[in-house]
Structures are given as C-alpha cells and as structure tokens.
Amino acid sequence: MGLTCQSCGKALLNEQLNIKVGGNEKFIVALAGNPNVGKSTVFNALTGLKQHTGNWPGKTVTNARGSYTYKNRKFTLVDLPGTYSLLANSVEEQVARDFICFGKPNATIVVTDATCLERNLNLVLQVMELTDNIILCVNLMDEAKRKGISVNIQALQEILGVPVVGTTARNGKGLNQLMDKVYNIALGLEKTSPKKPVYNEAIEKEVEHLIPKLKNILDDKLDPRWVALKLLEGDQTILDSINQFLYKNTHKEVVCFYGS
Amino acid sequence: MDPNKVLSPYEVLVSLKDEISKKDHVKFRDDMVSSIYAQAEEISKKVIKKNNTKKYDWDRKLDNILTSKFTGYPIMFLLLSLVFWITVTGANLPSSLLADFLFGIEARLSALFINLNAPAWLHGVLVLGMYRTLAWVVSVMLPPMAIFFPCFTLLEDLGYLPRIAFNLDKLFKKAGTHGKQSLTMSMGFGCNAAGIIACRIIDSPRERLIAILTNNFVPCNGRFPTLIAISTIFIGGTVASKYHSITATLFVCILVLFGIFMTLIVSWGLSKTLLKGIPSSFTLELPPYRRPQVGKILYRSLIDRTIFVLTRAVAVAAPAGLITWILANVFIKDQSILSYIAEFLQPLGHLIGMDGFILMAFILGLPANEIVLPILIMSYMSKGAMLELDSLKAMGDLLVKNGWTWLTALNVMLFSLLHFPCATTLWTIRKECGSLKWTLFAAIMPTLIAISTCFIITQTVKLLGLI
C-alpha cells in the first residue's frame, strides 16, 4: 500500500476509531447531553433500537450505538455517556470529550432539558467551543409546558448561531425536524456560525499569544483556540489524548470503548 | 538540555502548558468556568419565560416526604413489601394453571413413549429428567417474574429508584463505600450479573470492587422464586390461611433487609481491611418524576428482562435436569451416584441445619440459581416415590416427607441469599475486575458467610431446644 489517502490521515484515524464501517454513505452523529434529559429516549426514538433507558445519573457508561436512514443516507448515532461538562473530571466526561474531539463525528447533537435549560447550556457552550457541527435539541418541551416554562427556540438559535430544535422525544414530536437538521449539517448543506464563549481580557490575551504557536503542531486537526484554552486550564488529560490520537496513532483504549 | 534537539509536538504542548504556573492554571480555570456559567445564565434569561411556579412545589413536597429522615425508610419498606406482596399473591393462580398445563403435556408425552415402546431409560432421561425440570422452572418462575419485573420497572420509570439511593447514601458512606452502590444493588435485584456491570458507574476502583464483591447479597430474580416459594410454604403456612401471603411477604422483606445489612457489614469490613481507603464524594441529582409509559414498561420488563432470564434458566435447566436424572438413576451396587454424593455431604449439611441433597442442589445449581429447587425436587423424587407436583402444597408435602422443618426452610433461604454467586455472575466478575484472585474471593467469601450464618442459627436453635 502506497502513501495514499487510505494509509494516512483521516482515513486511518477513522479506521482506528473503528467507526466508519460501511462505505462513504455512512455519517457519524454523536449524541451528547446532561444525565436525565431523555438522551436515551431520543436515541431510541431515532434508531428504534430498544436499549434500556435508566433514569439516574451515570447509568449509560459505555456508549450504545444505533443507526437510522434519512433521505436515503445512513446515519450512525453514538450515544455518549451523560455528562454535565467536558472538563474531564470523570471518565465519562473524558470519553465524551475525546469522542467529539478525535472521533470526528459529522454532527453532534446536544440534548438538553427544556425545564432546566440554564444548567444544560454550560455543556452546550463547551461543545460549541470544540466543534462547529452542532445541533441543539431542546427536549422535554411537553414537561416544560406543563410547568409553565416556555423556551423561545427561534431566539435561542439566533443567539447561539447553531440550529436549535424543540422536541418531545417520548412521543416523537420534533424528531423529523431534528433529523433534517442533522442531515443538513452532516452533508454540509447548512453552515453554522456558532457564537463561541468569550472570556475576560487576561484569558483572551493569553489565547492570542498561544494560537500561532499551536497552529503548526496541530496541523488543522484541532481548533487551536480550544487547545489554547485547555493549556491555560492546565488540563493534562487533553495533552495525553492529543498525543495518543494525533501523534502516536495508538488507539487501543478508544477502540475498546467505541468498538462494538 | 540540548538546545538543538527538536521537540516532538507533544513535548511542545507540555512545555507550553508548563510555562504557566500552577496558580494561574487554577485562576484561569475558575474564570473560564464562571464565565461559561454567566453566559449560560444570560442566554437562558433571554429565551425562557416562566408563567407560574406552582407546579414545581408539587415535586418538591413529594421529595421532602420520600427522602425525609422519618418517612423515607418506612415508605421504602412499604413499597418493597407491596411489590413482593403483589408478586406472592398474584403468582399463585397463574403458577398452578401453568403447572397443570405443562404437566398435562408430560402425561401425554409419557403415554406417547409407552405407545412407541420406547425403552424406560429414554423416557426417564427425556421426559422425567429434561422435560419435568423444564416444566417446573417455567411454571414456578415465569409468573413471579412477569409480575415482579413490571412492578420494579414501574418504580424505576416513576423516578423512585434514585430516591432510594439518596436515602441509603448516608449508610453507605458510613460503611466506607460509595452511595452509588445502592443503585448497583437495585440492578442486582434483577440479575447480579447486570448489577456487577452497573458497578462501572463507580469511579474509584476500590469502591467499585467492594460493590462488585457484595452485590451477591441482594437476591436476584433467580433466587426470588425459591425464597418466595419456601417462605409461602413454611413461613406463611404456620399462620391462619387468611394471613398466608402477608406473612410470607413480610418474611421475604426481612430476608432482603438482612441481605442489605450483610452488604453494609461486609462492605465496612472490606473497607477497613483488604480495601482500605476514604469514601469519595459524589453529588446525586434527583431527577424529576416522570409519568411512566405503560407500554414501554411492559415491553422492557417482559421482553427484555423476563424472557431473557427465562430463556437463560430454561437453557440451563434442561441439561441440568438431564444430568440430575442420570446421577439419580445410575446405580452403583444398590445406591445411586446422587445418593453417594449426598451422603458424603450429609455431615456438613446437618451441621448447618440442612441435608446432603440440599447442599448438592446448591452446588449443581452453580450454572443458575433458578434450578436449585428443581434439582432438589428431582433428587428427592428419584429417591422416593414419584409425585405429581401441581401445587406448592404438593411441594411442601414432598419437602416435609424428606425431613424439612421450619429450621431447614430458614437455613435454605439464608443459604440461598448468602451463598456463592451463579456461574454467569462469577464470569462477569472475572471480566469486570480482570483478576482470578478476586473472582475466587467473590465465590469463597459469601460461601463462608453463608455456612457460618446457618451454622450459628442451627446450633443456637438446637441449644435452646426450640426444635
């Protein structure tokens, strides 16, 4: 085998992460979200795979996988463990972060709970820092309505600069629209312009200082701004993951996690 | 360091990170987190409108009752009792109907074998061995499972299970382990192997191992039918018939509490000796109560759980019935192999208030706890007269005929609650902790506890002259 696309770069990465099984027809969609927002219900509703849904934090530890077809395209949905953040405080958070970061999903759906959106938005903002291909799914709209809470989906979409869909996954409401958005994002038919979180002057100054130094070594594979922020945080786990996935190509551990 | 040496990209990253002092890292991180929170708050203010907050109170009030210091435990106990009571009373009728039906087929099968002039041993192996054990497992296990699982899943769907974890959290902290252990135990009620896989939610390896090693003390669904049947015959049977099921239920509840008590004691012991350490903290969020989806509950509990467990039990029961029949019917001199083994185990059995046949049934039941009782019945029947097992009453008669007393029943239930985990569970433990040493420990430790518990009870009862 010569030095072709098959033996280097993204193709290799995908193969190592053991995700792109079929031909080019398959798109990978990551499903992230806080615990207890009905993430597994969304997963089941989309894939029809009857996997057990528990309703306590930390239940989904290994990620389930299922696929669905929409407009003749096949989408593989990877159900990431439920997390409150991507700060890599726990195994679950690290798994979720590494998958969005290095698994290179074609789109990432972040499922949130309409009844406590504020708490859920932390994760949304963190995922937005990591990837542009994000769709926000505001789930449990029926419960919010019951509690007298209304979410302005349109306004949210404008503020964040990414597609936002309101759903009630348990009775299938809004799922078609969600699949439509995923289709558009994954195929590149719709471009997002996420308004990424801005930090105070001291942090922004440091970030600016770091970005040029990072551009060379990251080789367009990761967002330099995000890596700069992680360096400022002093997050050693992301350095280890970068070393493992970008430079060493030893993916055993992740294959363990993602391989079926 | 050689200034000309080319640093690898990773080393560049590490050096960039190390340029910043530790103190700054902490400050930057704090600033970033609070900035994200502030932005999330700002955004949500713009897009969320709240009309009234009246309905919120309803959730909170319920939580205050369900997780209160005073009412939390009694409610837990009552709900647990209610589930068992529904199972015990509800299972009787379908159980005997199923038994009538399946043993009716057995009679037809026997007739068929006689008509075909089949040799007696073939009839014995296939019909009396395999089919009968299978029919027993199905008729005794299926109804309680079909009732228990949906009830339990209903509690799960309503959002009650996390409240149990919340209530028990303090106790587990005191035992030096993690509050999440109560969740893995809840899973263990369904199946210990599933409970052990659920232990992955515990981050600390020390606490995870404790949770894995003690999960067995929660009776799984393979053992519930045994506990329920014996409790109904021997404990419920001691009172007026009106109170049969209530008494039997209460007793099963007490057994479950005893199992939880053992879990706490053993966890405490392990965390003070072999697995020392400080319990790590965790925040348990109480999820909102949700309206349960009846269709999904039925599907999940009947198809995913009941049929799954039943298939496994049947797959193990059929060959086990066959082997037991052979052991019971192959004679050396004038005694069956089974009797030889039972005779060998008899002294130990007597010491702990049971007999050799019971011990052998537990050992042969290693593949799955579901078949302990069927094996025992098989071996008792092969020893003595054949008996139509169409009801719990007939089973009670058989057991009494073989010398059972309430003490035997109590010991069998305790042994079933505490003894070594089934093969599937052991296999799961081996896979989850990757150590043969701990797997062996997981088998031996509970067995020793079971033997000593039964020993102490039997000797005390005998000493006091209660029997």
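Looking only at segment A:229-249, residues that are facing another protein chain (nearest Cβ under 7 Å) and either surrounded by 22 or more Cβ atoms within 10 Å (Cβ to Cβ) or not in a helix (DSSP H, G or I) (or both) come to 6 in all.
When A:ASP223 is tested against (1) modelled with pLDDT of 85 or more; (2) farther than 24 Å from A:CYS137 by Cβ, exactly one condition is not met: (2).
Please pick out the residue among B:LEU82, B:LEU93, B:LEU62 that is among the hydrophobic types (A, V, I, L, M, F, W, C), at pLDDT 85 or above, part of a helix (DSSP H, G or I) and open to solvent by 40 Å² or more (accessible area, probe 1.4 Å).
On the way: B:LEU93 fails: at pLDDT 85 or above; B:LEU62 fails: at pLDDT 85 or above.
Just a single option satisfies the conditions, and that option is B:LEU82.
Inclusion of B:GLY188 among residues that are open to solvent by less than 10 Å² (accessible area, probe 1.4 Å) and under 24 Å from B:PRO374 (Cα atoms) is warranted.
Cβ-Cβ distances below 6 Å connect the following pairs, each with a first residue in segment A:137-155 that is more than 7 Å from chain B (Cβ to nearest Cβ) and within 20 Å of A:PHE43 (Cα to Cα), a second residue that is open to solvent by 10 Å² or more (accessible area, probe 1.4 Å) and not hydroxyl-bearing (Ser, Thr, Tyr), and a separation of six or more residues or different chains: A:VAL138/A:VAL151; A:VAL138/A:GLY166; A:ASN139/A:GLY38; A:LEU140/A:GLY38; A:MET141/A:GLY166. Out of the residues in segment B:274-284 that are buried (at least 16 other Cβ atoms within 10 Å of the Cβ) and at pLDDT below 75, state the one that is farthest from the other protein chains (Cβ to nearest Cβ). Among those that are buried (at least 16 other Cβ atoms within 10 Å of the Cβ) and at pLDDT below 75, it is B:PRO279. Taking the conditions (1) in a helix (DSSP H, G or I); (2) open to solvent by 10 Å² or more (accessible area, probe 1.4 Å); (3) at pLDDT 85 or above; (4) not acidic (Asp, Glu) in turn, A:VAL207 satisfies each one other than (2).
Scanning segment A:173-202 for residues that are touching a helix residue (DSSP H, G or I) at 6+ places or on another chain (Cβ under 6 Å) and either away from chain B (no Cβ under 11 Å) or of a type in the set (A, V, I, L, M, F, W, C) (or both) returns A:LEU175, A:GLU190, A:PRO194. Checking each residue in segment A:101-127 for being at pLDDT below 90, open to solvent by 10 Å² or more (accessible area, probe 1.4 Å) and closer than 17 Å to A:PHE27 by Cα picks out only A:LYS104.
Listed conditions (1) open to solvent by 50 Å² or more (accessible area, probe 1.4 Å); (2) within 18 Å of the chain's Cα centre (by Cα) are all met by B:LYS437, apart from (2). When B:ARG108 is tested against (1) open to solvent by less than 20 Å² (accessible area, probe 1.4 Å); (2) of a type in the set (D, E, K, R); (3) more than 35 Å from the chain's Cα centre (by Cα), exactly one condition is not met: (1).
Among the criteria (1) assigned to a strand (DSSP E or B); (2) open to solvent by less than 10 Å² (accessible area, probe 1.4 Å), the one A:LYS74 does not fulfil is (2).
Evaluating A:LEU214 against the criteria (1) under 17 Å from A:GLU118 (Cα atoms); (2) facing chain B (nearest Cβ under 8 Å); (3) not in a loop (DSSP other than H, G, I, E, B) leaves one unmet condition, (1). Checked against (1) closer than 23 Å to A:LEU229 by Cβ; (2) open to solvent by 10 Å² or more (accessible area, probe 1.4 Å), A:VAL151 passes all but condition (1). Looking across B:LEU387, B:LEU392, B:LEU417, B:LEU376, one residue alone is open to solvent by less than 10 Å² (accessible area, probe 1.4 Å) and modelled with pLDDT under 90. It is B:LEU376.
Might you let me know whether segment A:210-227 holds any residue that is of a type in the set (D, E, K, R) and closer than 26 Å to A:ALA64 by Cβ? No, the conditions are met nowhere in segment A:210-227.
The values are calculated or read from the model by the stated rules, or taken from the named source; none is laboratory data. It should be emphasised that the depicted structure is a prediction, and the values quoted were computed from it without experimental measurement. Note: ideal-geometry Cβ built from the backbone for every residue, glycine included; neighbour counts use all protein chains shown. Heavy atoms of the whole protein, side chains included, go into the accessibility calculation; ligands, DNA and RNA do not. Shrake-Rupley method; radii C 1.70, N 1.55, O 1.52, S 1.80 Å.
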